[in-house]
1. Under a crude label model (7 Å from the Cα following the beta-carbon direction), how far is A41 from V201 in nanometres?
2. How far is it, in nm, from the label point at N145 to the one at I31 when both lie 7 Å from their Cα along the line to the Cβ?
3. Return T141, T183, T81 ranked ascending by Cβ neighbour count within 10 Å, so the fewest neighbours appear first.
4. Could you tell me the calculated FRET efficiency between K208 and D19, based on Cβ-Cβ distance and R0 = 25 angstrom, to the nearest 0.05?
5. With N set to the residue count of region 21-142, report its C-alpha Rg divided by 2.2 N^0.38 Å to two decimal places.
6. Need the C-alpha centroid separation for region 64-140 versus region 187-223, integer Å.
Amino acid sequence: MVDGKENTENLNVQSPEKDAIRIILADSQAIYRVGMRKVFALEDDLRVVAQVDSIAHLLSSIEKHPADVLLLEGSLLAGTTNAIPEIVKMAPELKIIVQTAATDEAHTVELYRRGVRGIIPRSISPDLLVRCVRKIAAGETWIDNQSVNWVIEAYRSQASALTNPRSQPRLSQKELAIISCITQGKRNKEIAYQLGTTEQVVKNYLRKIYDKLGVSDRLELALYCLHHQLHKRAGGEDGQPIEMPIPPK
């Protein structure tokens, strides 16, 4: 960062290799950016493509540097989550991880609702940080036990489809089969292989499922299934329980 402006050329930002996970670092503190960059430099499959120190510079950087994962300092959000939808709109495929010094229930729930894939502490170990980035880049959600409880409670308490009785939406056998795979933690590629179809077909079915159930992503679908025990309909009486990647203590 020179004179407060974005600089991705003189800070040893790495050029991504083929199939490497591309990362943008957004942090107001240079020491954290340097530290994370050094951690990722040790991994063959992780590449930092840009680093910025503000939301304004981040939005500019997203347009210039296609990336898979964004590591975002929570303090840059200035106590709100308003920037998250704008980031998601600009780069729908960019998966967001928020780093926070402290967490609270309301902010955590709102971050996940807005589309964040994971929330991690500033004190996270290098090994766990690398593991988190890889899992989220693969399409999983990184959520600890406390956050799971907060999010579930929020969905139970709001006047929404998760709390108000309503007739169950009509789901086809193919849709139920896909839901069963989702609740077992399978990725689109694995679902496509199991069902003998393509990833694009699975994505199309997922959009229809989201519309029918009034959810917007895998996390909300898992919560809906947990609340309505839909996974038992999808998997039979002995349907697999909801499985979400939860980092070890």
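Quick note: the coordinates plus some simple rules give every number you see, no bench work behind them. The structure presented is a predicted model; accordingly, all values stated were derived computationally and were not measured. Note: ideal-geometry Cβ built from the backbone for every residue, glycine included; neighbour counts use all protein chains shown.
1. Using points 7 Å along Cα→Cβ, the separation is 4.7 nm.
2. So the two model labels end up 3.2 nm from each other.
3. T81, T141, T183
4. My answer for the efficiency is 0.25.
5. 0.94
6. When both Cα centres are located, 22 Å separates them.
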